[in-house]
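Notes follow once the structure below has been shown.
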Amino acid sequence: MTAVTAVTAISHTGTALWYLTRATGLVSLILVSGTVILGVVSSVGWTARQWPRFVSQAMHRNLSLFCIVLIAIHVITTVADGYVPIGYKDAFIPFFTAYRPLYIGLGALAFDMLLAVAITSGLRRRIGVRSWRGVHYLAYVSWPISVLHGLGSGTDSRLPIMLLIEVLCIASVVGAVAWRLMAARALPSARRLAGAAATAVVVLVIGVFAIVGPLQPGWSRRAGTSPVLLAQLNARFAGSTAGLPTTAAPTSGSTAPSSNNALPSTPFTDNVTGSARTSSPNSAGDVEVQLTMQVQGTSAPLIVQLTGPATGGGVYMTSSSVSFGNAKGAVTALSGSTIAASVQGTGRRVDLVMQLAIDQNSGNISGSVTGTSR
C-alpha cells in the first residue's frame with residue numbers, strides 16, 4: 001500500500017478574483033522587499049557610471065507607489081470576492097475582522113504605514129525633512145509586518161514555491177541591510193551593532209513563527225478561523241483537486257460503520273488517528289481515496305472517501321462520501337490540510353472540520369476534528 005501525502009486542495013470553482021487576490025498579495029510582498037532594498041541603496045548614496053544615484057531614487061519612489069496600488073488591488077479583490085468576511089474598513093482598521101484578526105490586522109497595519117509614508121512624501125516640503133524622515137522609517141518597519149501577514153493569513157504558505165519566494169525576499173533584504181551597516185562607516189559602532197542585532201532578531205522571530213505556526217497542520221483553525229466559518233465555505237468547494245498519489249494499491253471498499261454508534265454531543269473538538277489509502281486508477285482513470293479515522297472519546301468511526309479522475313499526481317474530486325457513526329454525508333470543502341464535511345444523523349445535522357496531517361511514508365493520519373450542530 002502506497003502512502004498518501006497530506007491533503008492539499010484547491011477549488012476548481014475558484015473565481016478569478018480569488019486567484020488575483022492571492023497573486024497580488026505575493027507580488028506585493030516582493031515589491032515591498034524591493035522597495036526596502038532600493039531605499040537602502042539610496043540611503044547609502046551608492047552610485048556607478050551605469051547607475052547614477054537619481055536612478056535609485058526614482059525607482060525607489062515609483063516602486064513604492066506601484067506597491068501601494070497593487071496592495072489596493074489586493075484589498076479590493078479580497079473584499080469583492082467574498083471568500084472570507086473581510087470588509088474595506090478592515091484594510092485600514094487593524095485587528096477587528098472576524099477572520100484571522102491578528103494576521104489580517106498586521107496587513108492593515110503595514111498598509112497604513114505605507115500610506116503614511118506616501119502621504120508625507122508628497123508633503124515633504126511642507127512638513128520638513130526631519131519629520132518626513134521620521135515617518136519614512138515606517139517603510140522599513142512595515143516589511144517584517146508584511147512578511148508575518150503573508151505567512152499568517154495566506155492560504156498557500158506551505159507550498160514550496162511560496163516558501164522559496166519568501167526566503168529569497170528575506171535573504172535579499174537582510175543582505176541589503178548587512179551591506180548598509182558595513183558601508184556606513186560614519187555610524188558609531190554601537191548603532192551598527194544595534195542594527196545588526198535588531199535584524200537578527202527580526203529574522204529569528206519570522207523563522208520561528210513560520211516553523212511553529214503556518215508550516216504546521218491545523219494552522220487555519222489556530223490562526224483564528226472559526227470551525228463554523230470553515231464549514232460555511234462549502235459553497236466555494238463543490239469540487240476540488242487533492243494532491244494525492246495515483247499509484248497506490250487498490251482499496252477494498254469502505255468499512256461500514258456500526259449503526260449503534262451515535263454521534264457525540266456537540267460542540268466538540270477531539271483528536272483523531274487513522275490511516276489513508278489510495279486505489280489504482282480504474283479503466284476510466286478514476287481513483288478512490290479513503291481516510292479511515294477513529295475519533296478520541298467516541299467509538300464512532302469516521303470514514304472519508306474522495307473519488308475522481310487522476311490528474312498529474314492528484315485526484316480531481318467529483319464525488320465524496322462521509323460516514324461518522326450512524327450519520328452519513330459528504331465533503332463540503334477541501335482547503336490545505338482542512339477537510340470540511342456535513343453529516344446527517346438521527347434528527348440532527350453536524351458540520352465537521354478536520355485538520356489532518358498524513359504521513360507521506362506510512363499513510364498514518366493524525367490531527368483533530370471539530371463538530372458543530374445547526
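Here's the yes/no breakdown for (1) within 17 Å of Arg22 (Cβ to Cβ); (2) under 24 Å from the mean Cα position of the chain (by Cα); (3) not aromatic (Phe, Trp, Tyr):
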{"site": "Gly87", "(1), (2), (3)": "no, yes, yes"}
{"site": "Leu115", "(1), (2), (3)": "no, no, yes"}
{"site": "Leu123", "(1), (2), (3)": "no, no, yes"}
{"site": "Trp132", "(1), (2), (3)": "no, no, no"}
{"site": "Ile145", "(1), (2), (3)": "no, yes, yes"}
{"site": "Leu159", "(1), (2), (3)": "yes, yes, yes"}
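Among residues of segment 158-189 being modelled with pLDDT of 85 or more and of a type in the set (Gly, Ala, Ser), the one that is surrounded by the most Cβ atoms within 10 Å (Cβ to Cβ) is Ala176. Selection within segment 152-172: residues that are of a type in the set (Ser, Thr, Tyr) and part of a helix (DSSP H, G or I). The member of this set that is nearest to Leu102 (Cα to Cα) is Ser153. Restricting attention to segment 190-199, the residues that are surrounded by 13 or more Cβ atoms within 10 Å (Cβ to Cβ) and either without any contact (Cβ under 8 Å) to a residue 12 or more places away in the chain or not assigned by TED's automatic domain parsing to the domain that holds His149 (or both) total 2. Among the candidates Ile37, Ile93, Ile71, Ile10, which residue alone is surrounded by fewer than 18 Cβ atoms within 10 Å (Cβ to Cβ) and either modelled with pLDDT of 80 or more or under 26 Å from Gly224 (Cα atoms) (or both)? Just a single option satisfies the conditions, and that option is Ile93. Taking only segment 65-88 into account, find how many residues are of a type outside the set (D, E, K, R) and farther than 17 Å from Gly150 by Cα. Here the count works out to 8.
Within segment 173-228, restricting attention to residues that are within 24 Å of Phe96 (Cβ to Cβ) and outside any helix (DSSP H, G or I), the residue that is nearest to the chain's Cα centre (by Cα) is Pro214. The residue that is modelled with the lowest pLDDT, counting only those in segment 319-350 that are over 25 Å from the mean Cα position of the chain (by Cα), hydroxyl-bearing (Ser, Thr, Tyr) and farther than 17 Å from Met293 by Cα, is Thr346. Is it fair to say Thr120 is assigned to a helix (DSSP H, G or I) and without any contact (Cβ under 8 Å) to a residue 24 or more places away in the chain? Here the answer is yes, as Thr120 does meet what is asked. Note on segment 274-307: residues that are without any contact (Cβ under 8 Å) to a residue 60 or more places away in the chain, more than 17 Å from Met354 (Cβ to Cβ) and touching a strand residue (DSSP E or B) at 6+ places or on another chain (Cβ under 9 Å) total 10. Checked against the criterion of being touching an Asp or Glu at 6+ places or on another chain (Cβ under 8 Å), surrounded by fewer than 15 Cβ atoms within 10 Å (Cβ to Cβ) and either at pLDDT 75 or above or of a type in the set (A, V, I, L, M, F, W, C) (or both), the candidates Gln305, Gln296 yield just one match: Gln296. Can you pull out the residues in segment 89-107 that are in a helix (DSSP H, G or I) and over 17 Å from the mean Cα position of the chain (by Cα)? Hits for segment 89-107 are Lys89, Asp90, Ala91. The conditions of being among the charged types (D, E, K, R), touching a helix residue (DSSP H, G or I) at 6+ places or on another chain (Cβ under 8 Å), part of a helix (DSSP H, G or I) and farther than 30 Å from Val84 by Cα are not met by Arg133.
The values are calculated or read from the model by the stated rules, or taken from the named source; none is laboratory data. Bear in mind the structure is a predicted one, so any value in this text is a computation, not a measurement. FYI the Cβ positions are ideal-geometry reconstructions off the backbone, even for glycines, and counts take in every protein chain you see.
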